[in-house]
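Encoded as structure tokens, the structure appears first; notes follow it.
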Amino acid sequence: MSTLAALRRDVALANRIIEAAGLSNAFGHVSARIPGTNTFLLPTRRSPRFADPSTLLILDFDGNIVAGLGTPNSELWIHARIYAARPQVAGVVHAHPESCVCLTQIGEPHRVVHNQGGPFYERVALFDEIGLIRSRALGDRLAKALSRHHIAAIMRGHGITTACADVRTATVAALFLEESASLQLRMLAAAGGDASRIRAYTAEEAERLDDQLSPGIVTRAWEYYAAISQP
Ligand SMILES: [Zn+2]
């Protein structure tokens, strides 16, 4: 299998994973930069559940379709402008997971409350603008909010975007971030809404869990989620 064929397979699978894991339903999309080019793979405008390696589009960073048939997802600008701004990023996930959305609307920043949350310590940006990212200007603003040290942005009333060195890591990061937000919400509810009762990890504690998005962990998580997301 060629490198591009393998990447197509991974992108399609990543899309199916975010739907199967409940991060998305009819909406949401995962992309990957094609190495050595100013282009990326993105599904057509359908639920990520239906992503298929053979129908992925190739787009450039100006939003043009370079190859493939069909209409791209309307929030293509998320992907195009992050890849343009962040040369080290080769995988982007955009989804609308409910727990992350809830956090944005109760004035609670994301906090590290369990081990898989460790890598996110001070690496989650808040993007405060509501609405879909359907223009180049909005894509640029999101890319700017998602600065070099961030793994993810939580988008108010909307969802999340993760940006990582490869598509598998970006996918696992999205899964871990939603898991973290879900736990944080449950802890907050169990504590009667008193955020001060949550024993969020300190910087030093989070540092000890910084390896939770390392290649070994990502490989194991990907293997599992791939297995439960086959068509
Ligand atoms: Zn969206």
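The values are calculated or read from the model by the stated rules, or taken from the named source; none is laboratory data. This one's a predicted model, so the numbers in the text were calculated from it and none came from an experiment. Heads up, the Cβs are rebuilt from the backbone with ideal geometry, glycines too, and the neighbour counts pull from every protein chain shown.
Yes/no matrix, rows are residues, columns are (1) under 17 Å from Gly28 (Cβ atoms); (2) more than 16 Å from the chain's Cα centre (by Cα); (3) of a type in the set (S, T, N, Q):
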| position | (1), (2), (3) |
| --- | --- |
| Ala90 | no, no, no |
| Val93 | yes, no, no |
| Gly107 | no, yes, no |
| Ile151 | no, no, no |
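What pairs come out if I take residues in region 30-58 that are under 13 Å from Leu7 (Cβ atoms) and of a type in the set (Ser, Thr, Tyr) and pair them with residues that are surrounded by fewer than 16 Cβ atoms within 10 Å (Cβ to Cβ) and modelled with pLDDT under 95 whose C-beta lies under 9 Å away, six or more apart or interchain?
Filtered contacts from region 30-58: no entries.
Just checking, which of Pro53, Pro35, Pro43 is surrounded by 20 or more Cβ atoms within 10 Å (Cβ to Cβ) and not small (Gly, Ala, Ser)?
None of the others qualify; the one that does is Pro43.
Considering only region 209-231, state which residues are farther than 13 Å from Gln116 by Cβ and of a type in the set (D, E, K, R).
Glu223
Consider Thr171 carefully, then state whether it is among the β-branched types (Val, Ile, Thr), buried (at least 20 other Cβ atoms within 10 Å of the Cβ) and on the phi < 0 side of the Ramachandran plot. Outline the logic, then answer.
Working: among the β-branched types (Val, Ile, Thr): yes; buried (at least 20 other Cβ atoms within 10 Å of the Cβ): yes; on the phi < 0 side of the Ramachandran plot: yes.
It is true that Thr171 is among the β-branched types (Val, Ile, Thr), buried (at least 20 other Cβ atoms within 10 Å of the Cβ) and on the phi < 0 side of the Ramachandran plot.
Filter region 12-33 down to residues that are among the hydrophobic types (A, V, I, L, M, F, W, C) and assigned to a loop (DSSP other than H, G, I, E, B) and give me whichever is farthest from the ligand (Cβ to nearest atom). It would help to see each step written out before you state the result.
Taking region 12-33 and keeping what is among the hydrophobic types (A, V, I, L, M, F, W, C), we get 12-14, 17-18, 20-21, 23, 26-27, 30, 32.
Filter once more, so that each one left must be assigned to a loop (DSSP other than H, G, I, E, B): 21, 23, 26-27.
Working: Ala21: 17, Leu23: 11, Ala26: 11, Phe27: 6 Å.
Filtering first and then ranking leaves Ala21.
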